[in-house]
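Chemist: Here it is, the structure in full.
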Amino acid sequence: MKDILTFSLIASTIRLATPLVLAALGGLFSERSGVINIALEGKMLAGAFTAAAVTHAVDTRLGMGNASPWIGLLAGMIAGLFIAAIYAVTCIKFKADQVVSGAAINILMLGIPGFLSGAFFLSSGSTPQIPKDHLLPQSPVVIAISIVALVLVIWYVIYKTPFGLRLRSVGENPEAADAAGVSVSKIRYSGVLIAGLLAGMGGAYLSIGQSSLFTRNMTAGRGFIALAALIFGKWRPLQTLLACLLFGFTEAVSIQMQGVYKLPSGDDIPVQFIQMVPYVLTIVVLAGFIGASRPPRALGIPYEKEK
Amino acid sequence: MPKLARDLLFPLIAVVAAFIVGGILILLVGDNPIEAYRLLLGSAVSWPDGIGYTLFHATPLIFTGLAVLVGFRCGLFNIGAEGQLYIAAFATAWVGITFANLSSWLLIPFCFAAAILSGAFWGAIPGVLKARFGSHEVINTIMLNFIAVALVSYFTQYHYKVPGDPILQTAPIGAGAHIARLGKFVPGFPERIPLNVAFLLALLCCLLVYVFLWRTKWGYEIRATGSNPFAAEYGGISIRKQIVLAMAVSGALAGMVGINEVLGYRYRYYDGFSDNYGFTGIAVALLGRNHPVGVILAALLFAALQHGGIYVDGFSEHVTKDIVQVLQGIIILFVAAEAFFKWLVGRRQRVIGTQHVNLENPVIVSKEI
Amino acid sequence: MLELRQITKRFGDVLANDQVDIVVKPGTIHAIVGENGAGKSTAMRIAYGFYTADSGEILVDGQVRDIRSPHDAIALGIGMVHQHFMLVETMTVAENIVLGAEPGSTLALDLKSAASQIRQLSEEFKLAVNPNEPVEHLSVGQQQRVELLKALYRHARLLILDEPTAVLTPLEVEEFFAILRRMREQGKTVIIITHKLSEVLAISDEVTVMRDGKVVGRVQTKETNAAELARLMVGREVLLRVEKPDAEVGRPELEVRNLSVTDIFGTKRVNDVSFEVRSGEIVGIAGVEGNGQTELIEALAGLVEPARITGEINFEGKNLNALGARVRRELGIAHIPEDRHRRGLLLDFSLAENAILGVHYRPPIAAMAGSIFLDDNAVQRRASEIIQRFDVRPPNAALPARALSGGNQQKLIIGREYHVDPKLLLVSQPTRGVDIGAIEFIHRQLVSLRDNGCAILLVSAELEEVTSLSDRLLIIHNGLIAGEVDPKVATLEEIGLLMTRGH
């Protein structure tokens, strides 16, 4: 077990944490504005599928080569944005139940990629393979630097800019924000849309960074792990980053141990128990066993002015 | 408009609207929507396969729809039916394997109890967490889904698999635990169709849930808590108890999916068997307006789609069975955004209203438009 | 400065504002008075852009303006302090004040310069607060100052204050009025919404009186008096005294010894209170709202966790501390809560289902198989008895409680609580938001219940109500019983003094 903490483990932790960080930070914008985001999963799927499909298309049809993953990334972000826009309109304009519409988006996004790839690629839910050199950069150093930079920027936006102040106030007490002249719906739209961009980006990294194609339901619950990380990180950017790294680490460990290490009895180490760690931790934290995690006060409540 | 018509009208509009949006998508990928929908829905009414499989697919959806309904009526959102039914299905199989030699008279009730109690237990966990620590059941049920899946997959893989079996499934349950397929009683209905008595149990549960919620003091207390927890508390009702009770009942209902799956269909626990039953249950409950009768109707619709999906896959050029999930998602979105339709209608009314005001009070017009 | 013309606003079936005209002159303090539910707050929320009027227009400085949101109102120099403060509790004073009007650029929030500006304003208007303190640590009075600073920071020329004195003691009210006068001297215009006539006479220059959503009077303060305003507000001469025979007092039913109650945030809201209520008497509790009355009643009703209570609550010699609401009801304690929508009713449930709340689990309502099933006949019977005896309209037990007017909802609750023949009745704000006819009915019912030997503990923010109904009157201040007076002989000044100063 000594050599478990190798460079390759650290590298794979960073790699696996990246989509989580992106989605969780997206969720942070949405939830800080008071809109629950259980639809992160759907937005990631949208981003992952679109990114892979577009990268493949511009690569093979237009021959854009090295530029194609970047166009794919952009397309993935736009897909996340588009899904977020649907979610935002149902939740903010039509005051639909946020959990219900989030669940709807997730179910919809389980179907849409398969539906489209069936039509365009005549496959059962996956996109064609993209050549290795036409993928997003995967150097752990580059990724680590970009992620840390992004988290710092987000921290600054949340705590040191007027937008951040408004965002936080809308999530805590939308009526007060409204009375102070802040447009609650504008802020919530921005929060949800930013979440879509970032979650779409996270999904794109999954399909054209970590992997080289989109496969059916490839997020496999990462949107929910991101949500868990957000809660575990108490809705704060730096803590959320740490939570994502922790959850990425558990995933990396469970992958590395599979079939390699044996218990003294000669049996495999059951990876299922390592996979459970993020979920169990989230429940424990939410119950307040390890420092209470208090959600934004207005989270999940549509803002109704005239009641 | 009479109440019943109003209750039926809105879900109907949502379904039709979803089919229209779905039809546009089908057009966009270059297929004929009418043909696709004919395959999708038409296959459900054929005898015996179409009807048999639709009812079979409807069975778990009725259970999960009822599970979500009971939660909703207590003001709780049980997204955890998926986890509850996995735990319950495994527990059912475990009893069926462990006590395989018992006679049917004992073994079947044991297996039923295992499904119901283990589902109730897994459902009660988020209930207790909410009642005791105030933590949100939505997050906890999502987390518990993943934990449940990992847990049963571990037990299947490491303890109950037949050695050498490439499929992740347990050993078969004892023959005494099998429950009858309807083919046994219905003339002309082949026994190969897995529709079994669990379907009748599901219908019975609809009746029981109705009686429980609207005719017993416990149901009254659950609904009072869901309607206004502060008033319920004032009326001497312990909200904490109701939360735990509702979640346990909800989990028990979801758990009965295990009866259909293990005792009536596969006769073993098969890892990853659930075709999103727990999540579709949300759609079923919502489309069914949180009423047991509505749940039956909505479950039938989604089951028909699910069955038709296979035909779409086989016979349609571009459209795949994923269209089913797409339709489901759009239906829930429309049901959730009920205000969307009211807004569509309200728009028109407001225009009429303005004209009306216009005649009486010209000053206002400039402001309204 | 501000003019509302023909403003009409409907909420569902309720006509909250019916062609309201209000003219506020610059540099004056303008009072808008009326009973609860008269439409004062609605009119002002429309002026502030919180609601949009169905019809009518708003003029600011003589020009028609389209005010669609508070943002528009703020841009026109209008500020509003709401009855329930609009503050983000987790944020600091400075963050709250600048929110929506942040200093610095889009990319950088300049809280330092904000803090110095806030200090300057605090000095100018004598509104002392620490800009860096989180709002959740502030007292109610300090929070009000933050609200005022928020408006001043936005260069409000017109301040709308909704029931600003409801949370203040009379002494604080004096200080507060001094601040308002200072603002007027500085050229600001102030609108104060209130239903307290003495305050109107003390502070305002002009008065607009509203009743049932309409403006029913506009007068100069100098040319009017309390009697005239009261007549305008209520629409007829006000009946001040309830006719009632002397109390025939029996044995003590409720004995409270050294009771203290802490709220969920750990603040002590009721502090070492002792008193008793005997059968056949009404004991009133007078005090400014928010001085612990809510917590006291909820603790007695069994709606506060035992862990937050110290001292003793005894009922007929039995200690209640550890007992829940259900057991207390079984012992004969009934409760008419202060907020009927929050506590008293299941608004989506039918009248019949509301009529059984609290007795739904035992015979005759629950029957068969060990009292599991609800007996529909028994439910309907109980509902129709209550509806008839208390004249609940419309008399249709199948309607949802939401469909009833405030007065009828209250009658339903009172009917339900009377139906159990309580030995002790806890009653809070029994006539809040209830029309005059229903008020007299409710008062008579309370007295007749007393005459039948029930012990009644009555909390009301209406001083007149509590003095005229009570046989003994306790005054609560800051969670403490400040004194007891005989309501038959005590003057309002005497009571007011106790409400202010405590011991």
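Chemist: Can you report the number of residues in region B:137-162 which are more than 7 Å from every other protein chain (Cβ to nearest Cβ), under 14 Å from A:Leu227 (Cβ atoms) and without any contact (Cβ under 8 Å) to a residue 12 or more places away in the chain?
Modeler: Of the residues in that region, 0 qualify.
Chemist: Part of a helix (DSSP H, G or I), closer than 22 Å to B:Val152 by Cα and at pLDDT 85 or above - does that describe any residue in region A:284-299?
Modeler: Checked against the condition, which is being part of a helix (DSSP H, G or I), closer than 22 Å to B:Val152 by Cα and at pLDDT 85 or above, region A:284-299 yields at least one hit.
Chemist: Scan A:Ile130, A:Ile107, A:Ile92, A:Ile145 and give me the residue that is of a type in the set (Val, Ile, Thr), over 23 Å from B:Ile330 (Cβ atoms), modelled with pLDDT under 95 and buried (at least 23 other Cβ atoms within 10 Å of the Cβ).
Modeler: It is A:Ile130.
Chemist: Now for a separate question. Being in contact with a Phe, Trp or Tyr (Cβ under 7 Å, 6 or more places away or on another chain), in a helix (DSSP H, G or I) and at the interface with chain A (Cβ under 10 Å from one of its Cβ atoms) is the filter; apply it to region B:286-326 and report the residue that is surrounded by the most Cβ atoms within 10 Å (Cβ to Cβ).
Modeler: Of everything passing the filter in region B:286-326, B:Ile323 is surrounded by the most Cβ atoms within 10 Å (Cβ to Cβ).
Chemist: Next question. For residues that are within 14 Å of chain A (Cβ to nearest Cβ) and under 19 Å from the mean Cα position of the chain (by Cα), scanning just region B:260-277, find the one that is farthest from B:His57 (Cα to Cα).
Modeler: B:Gly272
Chemist: Can you work out which of the residues in region C:150-178 that are in a loop (DSSP other than H, G, I, E, B) and under 20 Å from the mean Cα position of the chain (by Cα) is modelled with the lowest pLDDT?
Modeler: In this case the residue turns out to be C:Thr169.
Chemist: Out of curiosity, is A:Ala48 more than 21 Å from B:Ala18 (Cβ to Cβ) and buried (at least 24 other Cβ atoms within 10 Å of the Cβ)?
Modeler: Yes; evaluated as a whole, the condition is true for this residue.
Chemist: I'm trying to understand the selection: among the residues of region B:82-105, which are in a helix (DSSP H, G or I) and modelled with pLDDT under 95?
Modeler: Selection gives B:Ser104, B:Trp105.
Chemist: What tally of residues in region C:64-111 results from selecting those that are within 8 Å of chain A (Cβ to nearest Cβ), outside any loop (DSSP other than H, G, I, E, B), surrounded by fewer than 21 Cβ atoms within 10 Å (Cβ to Cβ) and not aliphatic (A, V, I, L, M)?
Modeler: 2
Chemist: Being more than 10 Å from chain B (Cβ to nearest Cβ), at pLDDT 90 or above, more than 16 Å from B:Gly236 (Cα to Cα) and not in a loop (DSSP other than H, G, I, E, B): is that true of C:Asn377 here?
Modeler: Against the criterion (more than 10 Å from chain B (Cβ to nearest Cβ), at pLDDT 90 or above, more than 16 Å from B:Gly236 (Cα to Cα) and not in a loop (DSSP other than H, G, I, E, B)), C:Asn377 qualifies.
Chemist: Let me ask another. So for region A:122-144 (the condition being closer than 29 Å to B:Gly30 by Cβ, touching a residue at least 60 places away in the same chain (Cβ under 8 Å), assigned to a helix (DSSP H, G or I) and within 12 Å of chain B (Cβ to nearest Cβ)), does at least one residue qualify?
Modeler: no
Chemist: Take the conditions within 30 Å of C:Gly302 (Cα to Cα), free of Cβ contacts under 8 Å to residues at least 60 places away in the same chain and within 14 Å of chain C (Cβ to nearest Cβ) and apply them to B:Ser227. Does it pass?
Modeler: So B:Ser227 fails the test.
Chemist: From C:Val359, C:Val327, which residue is within 10 Å of chain B (Cβ to nearest Cβ), among the aliphatic types (A, V, I, L, M) and not in a helix (DSSP H, G or I)?
Modeler: Every option except C:Val359 fails the conditions.
Chemist: Taking C:Thr52 as meeting all but one of (1) of a type in the set (Val, Ile, Thr); (2) part of a loop (DSSP other than H, G, I, E, B); (3) touching a helix residue (DSSP H, G or I) at 6+ places or on another chain (Cβ under 6 Å), write down the number of the exception.
Modeler: Of everything listed in (1) of a type in the set (Val, Ile, Thr); (2) part of a loop (DSSP other than H, G, I, E, B); (3) touching a helix residue (DSSP H, G or I) at 6+ places or on another chain (Cβ under 6 Å), C:Thr52 misses just condition (3).
Chemist: Another one. Kindly evaluate C:Glu124 against the criterion of being facing another protein chain (nearest Cβ under 9 Å), in a helix (DSSP H, G or I) and not basic (Lys, Arg).
Modeler: The answer is no for C:Glu124.
Chemist: What is the residue count in region A:111-121 for residues that are buried (at least 21 other Cβ atoms within 10 Å of the Cβ), more than 7 Å from chain B (Cβ to nearest Cβ) and either without any contact (Cβ under 8 Å) to a residue 12 or more places away in the chain or not in a helix (DSSP H, G or I) (or both)?
Modeler: Looking only at that region, the number is 0.
Chemist: Across region A:158-169, what is the number of residues that are within 9 Å of another protein chain (Cβ to nearest Cβ) and either surrounded by fewer than 17 Cβ atoms within 10 Å (Cβ to Cβ) or not charged (D, E, K, R) (or both)?
Modeler: So the count comes out to 8.
Chemist: In addition: Give the residues of region C:330-351 that are assigned to a helix (DSSP H, G or I) and away from chain B (no Cβ under 11 Å), sorted by residue number.
Modeler: The answer is C:Leu331, C:Leu351.
Chemist: In addition: With respect to A:Tyr205, determine if the residue is buried (at least 24 other Cβ atoms within 10 Å of the Cβ) and more than 13 Å from every other protein chain (Cβ to nearest Cβ).
Modeler: The answer is yes for A:Tyr205.
Chemist: Just for strands (runs of 3 or more DSSP E) wholly inside region C:199-312: which have at least 3 residues that are within 25 Å of C:Ala482 (Cα to Cα)?
Modeler: So the answer is C:252-262, C:268-278, C:282-286.
Chemist: Next question. For residues in region B:224-272 being aromatic (Phe, Trp, Tyr) and assigned to a helix (DSSP H, G or I), which is surrounded by the fewest Cβ atoms within 10 Å (Cβ to Cβ)?
Modeler: Out of the qualifying residues, it is B:Phe230.
So that you can scan it fast, the table gives a plain yes or no per residue for (1) in contact (Cβ under 8 Å) with a residue 40 or more places away in the chain; (2) of a type outside the set (A, V, I, L, M):
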| position | (1), (2) |
| --- | --- |
| A:Val157 | no, no |
| A:Lys160 | no, yes |
| A:Leu167 | yes, no |
| A:Gly171 | yes, yes |
| A:Ala180 | no, no |
| A:Gly202 | yes, yes |
| A:Leu206 | yes, no |
| A:Gln210 | yes, yes |
| A:Leu213 | yes, no |
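Chemist: Only residues in region B:249-275 that are over 13 Å from B:Ala88 (Cα atoms) count as the first member; pair them with residues that are of a type in the set (D, E, K, R) and not in a helix (DSSP H, G or I), Cβ under 8 angstrom, at least 6 apart or cross-chain, and list the lot.
Modeler: Sorted first by the residue in region B:249-275, then by its partner, the pairs are B:Gly264/B:Arg181.
Chemist: Additional query: When region C:421-441 is examined, which residues are found to be surrounded by fewer than 17 Cβ atoms within 10 Å (Cβ to Cβ) and closer than 30 Å to C:Val327 by Cβ?
Modeler: C:Asp421
Chemist: Of the residues B:Tyr277, B:Tyr220, only one is surrounded by 24 or more Cβ atoms within 10 Å (Cβ to Cβ) and in contact with a Ser or Thr (Cβ under 8 Å, 6 or more places away or on another chain); which?
Modeler: Going through B:Tyr277, B:Tyr220 in turn, the sole match is B:Tyr277.
Chemist: Here's another thing I want to ask about it. Could you please find all residues in region C:144-155 being within 11 Å of another protein chain (Cβ to nearest Cβ) and out of contact with any helix residue (DSSP H, G or I) (no Cβ under 6 Å at 6 or more places or on another chain)?
Modeler: Answer for region C:144-155, where residues must be within 11 Å of another protein chain (Cβ to nearest Cβ) and out of contact with any helix residue (DSSP H, G or I) (no Cβ under 6 Å at 6 or more places or on another chain): C:Glu147, C:Ala151.
Chemist: May I ask you to list the residues in region A:156-180 that are under 18 Å from C:Lys150 (Cα atoms), outside any helix (DSSP H, G or I) and either touching a strand residue (DSSP E or B) at 6+ places or on another chain (Cβ under 9 Å) or of a type outside the set (S, T, N, Q) (or both)?
Modeler: Scanning region A:156-180 gives a single hit, A:Ala180.
Chemist: Can you find a residue that is of a type in the set (Phe, Trp, Tyr) and either surrounded by fewer than 14 Cβ atoms within 10 Å (Cβ to Cβ) or modelled with pLDDT under 95 (or both) anywhere in region B:197-207?
Modeler: Looking through region B:197-207, none of the residues is of a type in the set (Phe, Trp, Tyr) and either surrounded by fewer than 14 Cβ atoms within 10 Å (Cβ to Cβ) or modelled with pLDDT under 95 (or both).
The values are calculated or read from the model by the stated rules, or taken from the named source; none is laboratory data. Fair warning: this is a prediction, and the values are worked out from it, not measured in the lab. A quick note on method: Cβ atoms are made from the backbone with ideal geometry, for glycine too, and the neighbour counts reach across all protein chains shown.
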